[in-house]
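*Asks:* After the structure tokens below, expect a handful of questions from me.
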Amino acid sequence: MKSNNELTGTKGKRHDRFVSIITAITGTLLFFVLWRLNTQGHYELYIVGNVLALLFAPLMVIFFLFREEPSNFGFGIGESCRVWKISLAMFVLVAIGFIPFARLESFQDYYPIFRHFHSFMGGGMFPSGDMTALLYGWVSYGLYMFCWEFYFRGYLLFGLLRSIKWPTVILQAIAFGLLHWYKPPLELMASFVTGIILGLLALRAKSFLPCFVLHWAASVTFDILVMLNGNRS
């Protein structure tokens, strides 16, 4: 098992403590910003707000306060081809496991998630049910998920890891799960386990990118399964 210094490329224990403390403070503030943004009903505000809070704000801290490279926080392709193979295998298993859940009423009522934004579906941007709207949604939501994964499996995970070490995987998973509070109960419960698995995957890869690809691909696949099952009912 690799040491913290090997995982993060750190500059010493004092600097590591500083990074962990600032990560904890800024991460908590951003958590509450995200909580607030995710209860808003305007799609563009939702996407732009999350990009600013979860991508640009942490990067500014990393560049100007920590004076480090984003790669120390998992911002890179990763160092293990095996992780990408594991991610592909996990996606196949998850996609198969999604099939029965896509038929449940709670998920049929909630997904695709874009239906909850009046400004998106039927509210002026695109006609409801238009394939253009779905493609726009999946691409823009992918940008949101990229920022989401960088925040949890990049900034928080690798920042706190320096002092808190391996329990960081649990902490970021708890925060990840709590931000699924307004989603269907089964998804809320599963999100805590998912957060742990993705955290371990990011540590193995030294990158959050496999987590993003897996998360995004699973999200799009589930939307498609929900719509296919909805059409049959």
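*Asks:* What is the sum of charges around Ala24, taking Lys and Arg as +1, Asp and Glu as -1, for the other residues whose C-beta is under 15 Å from the C-beta of Ala24?
*Replies:* Neighbourhood net charge equals +2.
*Asks:* Pull out the extension gain between Ile21 and Leu186, defined as 0.36 nm times the separation in residues minus the alpha carbon to alpha carbon distance; nm, one decimal.
*Replies:* 56.1 nm
*Asks:* In sequence order, what are the phi-derived ³J(HN,Hα) couplings for segment 164-171 according to the Karplus relation 6.51 cos²θ - 1.76 cosθ + 1.60 with θ = phi - 60°, rounded to whole Hz, with x for glycine and proline?
*Replies:* 7, 6, 5, x, 4, 4, 5, 4
*Asks:* Still on this structure, I have one more. Ordering Lys85, Lys183 by accessible area with a probe of 1.4 Å, largest first, what comes out? List each step's numbers first, then the result.
*Replies:* Details: Lys85 145, Lys183 45 Å².
Per-residue accessible area, sorted high to low, gives Lys85, Lys183.
*Asks:* Sticking with this structure for a sec: What distance in nm separates the simple spin-label points at Leu65 and Arg14, each placed 7 Å from Cα in the Cβ direction?
*Replies:* Distance between label points: 1.9 nm.
*Asks:* If we count every other residue with Cβ under 14 angstrom of Gln172's Cβ, Lys/Arg +1 and Asp/Glu -1, where does the sum land?
*Replies:* After counting each charged neighbour, the total is +2.
*Asks:* A follow-up question, please. Quick one: among Phe152, Phe107, Phe63, which has the greatest mean-square fluctuation in a GNM of the chain with alpha-carbon springs under 10 angstrom?
*Replies:* Phe63
*Asks:* Let me ask another. Within the chain, how many Lys pairs sit with Cα atoms under 24 Å apart, leaving out pairs fewer than 8 places apart on the same chain?
*Replies:* Total qualifying Lys-Lys pairs in the chain comes to 11.
*Asks:* Excluding ligands and nucleic acids, what accessible area in Å² is computed for Asp16 using a 1.4 Å probe, to the nearest 10?
*Replies:* Counting only protein heavy atoms, Asp16 exposes about 10 Å² to solvent.
*Asks:* Cβ neighbours within 10 Å, averaged per peptide: list 142-149, 42-49 in order, most packed at the top.
*Replies:* 142-149, 42-49
*Asks:* If eta is 0.692 mPa s and T is 37 °C, what Stokes-Einstein diffusion coefficient results for segment 154-233, Kirkwood Rh from Cα pairs, in µm²/s?
*Replies:* My calculation gives 239 µm²/s for D.
*Asks:* Counting Lys +1, Arg +1, Asp -1, Glu -1, what net charge surrounds Ser163 among other residues with beta carbon under 13 Å of its beta carbon? Please report the intermediate quantities before stating the final value.
*Replies:* Working: positive: Lys13, Arg14, Arg17, Arg162, Lys165; negative: Asp16.
Here the count lands on +4.
*Asks:* Got a sec? Charge dipole of the chain, +1 on Cβ for Lys and Arg, -1 for Asp and Glu; which of Thr132, Pro112, Ser87 is way out at the positive end?
*Replies:* Ser87
*Asks:* Which value, in debye to the nearest 20, gives the size of the charge dipole of the chain about its Cα centre, when Lys and Arg are +1 and Asp and Glu are -1 at the Cβ?
*Replies:* Values: 18 positive and 12 negative charges, 169 e Å.
Its charge dipole is roughly 800 debye.
*Asks:* Right, something else. What does the extension gain come out to for Ile99 and Leu200, with contour length at 0.36 nm per residue minus their alpha carbon separation?
*Replies:* 33.8 nm
*Asks:* Considering only Leu59, Leu34, Leu135, give the residue with the highest GNM mean-square fluctuation for the chain, with springs between Cα atoms whenever their separation is below 10 Å.
*Replies:* Highest fluctuation of the listed residues: Leu135.
*Asks:* Please list, in order along segment 183-195, the HN-Hα scalar couplings obtained from phi with the Karplus expression 6.51 cos²θ - 1.76 cosθ + 1.60 (θ = phi - 60°), rounded to whole Hz, x for Gly and Pro.
*Replies:* 8, x, x, 4, 5, 4, 5, 5, 5, 5, 5, 4, x
*Asks:* Moving to a separate point now. Limiting things to C-alpha atoms, what are the Rg and the maximum Cα-Cα separation (Dmax) for the chain, in angstroms?
*Replies:* Cα radius of gyration and Dmax of the chain are 18.1, 60 Å respectively.
The values are calculated or read from the model by the stated rules, or taken from the named source; none is laboratory data. In this text, all values refer to a predicted model and were calculated from it rather than measured experimentally. FYI the Cβ positions are ideal-geometry reconstructions off the backbone, even for glycines, and counts take in every protein chain you see. What goes into the accessible areas is simple: the full protein's heavy atoms, side chains included, and nothing from ligands, DNA or RNA. Shrake-Rupley method; radii C 1.70, N 1.55, O 1.52, S 1.80 Å.
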